[in-house]
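The values are calculated or read from the model by the stated rules, or taken from the named source; none is laboratory data. In this text the structure is predicted, and so the values were computed from the model without any measurement. So basically every Cβ, Gly included, is an ideal-geometry build from the backbone, and we count neighbours across all protein chains shown. Note: accessible area is taken over every heavy atom of the protein model, side chains too, but ligands, DNA and RNA are not part of it. Shrake-Rupley method; radii C 1.70, N 1.55, O 1.52, S 1.80 Å.
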Amino acid sequence: AGRYARLAATFELRPDVSGDFVRNGVGARLHWEGAAGALDWQRVELRVAGRRAWTPRAFAGATLVAAARGDAGALVADAPPRQQLFELGNEQNLFGYAYKEFAGDRAAVARGTLMLLSPWWRAPLRVGRAFVLPGIEPGVSIGLQGGWADASNAAARAAVARLDPSPRRVP
């Protein structure tokens with residue numbers, strides 16, 4: 001409850017490169033927002049992503065694809081509002097963890113994938129006149145994901161505790 005003013009700014013470098021799509025290159029996103037008044041806080045988030053696909057001659061036409069993405073953020077406030085905390089879990093590709101299992105005023109998530117895609121069956125498959133299936137293009141891949149969240153002080157730990165009564169891993 002209370003009155004406050006909120007301001008946000010975002011800077012993106014090559015937003016079409018996110019690590020999730022097929023565009024090669026490196027992209028970045030910096031987002032800042034803050035509030036002043038009854039609620040007083042600042043939050044900054046940084047994302048860096050990259051993707052590269054190439055077909056080395058030694059791989060007999062197979063394509064090697066490497067993709068990575070890292071997200072990090074910090075919340076600065078004397079009394080952090082719980083709505084501005086970072087919450088991590090299954091939704092951030094941290095498989096094996098519950099939805100929003102980790103929380104804090106500092107957080108980072110990193111993920112990477114390496115794929116070897118075969119040169120066979122890349123073309124779309126036509127089934128009849130109007131139905132088209134994407135190419136199968138069999139391959140192998142390996143991925144790695146990791147995340148970290150921290151409540152840096154007593155006020156942040158208190159905000160995490162106020163999120164909800166479900167069990168949570170609080171640093």
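Anything in the range 106-140 that is at positive phi and surrounded by fewer than 13 Cβ atoms within 10 Å (Cβ to Cβ)? List them, or say none.
TRP121, GLY128
For the range 1-48: of the residues being polar (S, T, N, Q) and modelled with pLDDT of 95 or more, which is farthest from LEU75 (Cα to Cα)?
Going through the qualifying residues, I end up with THR10.
Against the condition open to solvent by 50 Å² or more (accessible area, probe 1.4 Å), in a strand (DSSP E or B), under 30 Å from LEU163 (Cβ atoms) and among the acidic types (Asp, Glu), how does GLU87 come out, does it pass?
Taking the combined requirement at face value, the residue does not satisfy it.
Consider only pairs whose beta carbons are under 9 Å apart and that are at least six residues apart or on different chains; among these, list those whose first residue lies in the range 103-118 and is among the β-branched types (Val, Ile, Thr) and whose second residue is open to solvent by less than 30 Å² (accessible area, probe 1.4 Å) and outside any strand (DSSP E or B).
Matching pairs, first to second residue: VAL109/LEU94; THR113/GLY19.
Pairs only if they're at least six apart or on different chains, beta carbon under 8 angstrom, first in the range 1-30 and free of Cβ contacts under 8 Å to residues at least 12 places away in the same chain, second outside any loop (DSSP other than H, G, I, E, B); list them, first residue then second.
Once the first residue is free of Cβ contacts under 8 Å to residues at least 12 places away in the same chain and sits in the range 1-30, its partners that are outside any loop (DSSP other than H, G, I, E, B) give ASP16/GLY27.
Count, please, the residues in the range 93-138 that happen to be in contact with a Pro (Cβ under 9 Å, 6 or more places away or on another chain) and closer than 23 Å to TRP54 by Cβ.
Selection size over the range 93-138: 8.
Quick check on this structure: which one of GLY61, GLY2, GLY70 is not in a loop (DSSP other than H, G, I, E, B) and not hydrophobic (A, V, I, L, M, F, W, C)? Talk me through it step by step, then tell me what you get.
On the way: GLY61 fails: not in a loop (DSSP other than H, G, I, E, B); GLY2 fails: not in a loop (DSSP other than H, G, I, E, B).
Just one listed residue meets the conditions, GLY70.
Can you find, within the range 15-60, the residue that is nearest to the chain's Cα centre (by Cα) among those that are open to solvent by less than 70 Å² (accessible area, probe 1.4 Å) and among the polar types (S, T, N, Q)?
Per the stated criteria, the residue is SER18.
Mind checking which residues of the range 61-98 are under 30 Å from LEU117 (Cβ atoms) and over 20 Å from the mean Cα position of the chain (by Cα)?
GLY61, ALA62, THR63, LEU64
Test of understanding: among ARG106, ARG162, ARG157, ARG111, which residue is within 26 Å of VAL44 (Cβ to Cβ) and in contact with a Ser or Thr (Cβ under 8 Å, 6 or more places away or on another chain)?
Result: ARG106 is the single residue among ARG106, ARG162, ARG157, ARG111 that is within 26 Å of VAL44 (Cβ to Cβ) and in contact with a Ser or Thr (Cβ under 8 Å, 6 or more places away or on another chain).
Can you pull out the residues in the range 30-89 that are in contact with a helix residue (DSSP H, G or I) (Cβ under 8 Å, 6 or more places away or on another chain) and small (Gly, Ala, Ser)?
ALA77, ALA79 - these are the residues of the range 30-89 that are in contact with a helix residue (DSSP H, G or I) (Cβ under 8 Å, 6 or more places away or on another chain) and small (Gly, Ala, Ser).
Could you figure out which of (1) touching a residue at least 24 places away in the same chain (Cβ under 8 Å); (2) open to solvent by less than 30 Å² (accessible area, probe 1.4 Å); (3) part of a strand (DSSP E or B) isn't true of LEU94?
Evaluating LEU94 over (1) touching a residue at least 24 places away in the same chain (Cβ under 8 Å); (2) open to solvent by less than 30 Å² (accessible area, probe 1.4 Å); (3) part of a strand (DSSP E or B) leaves (3) as the failure.
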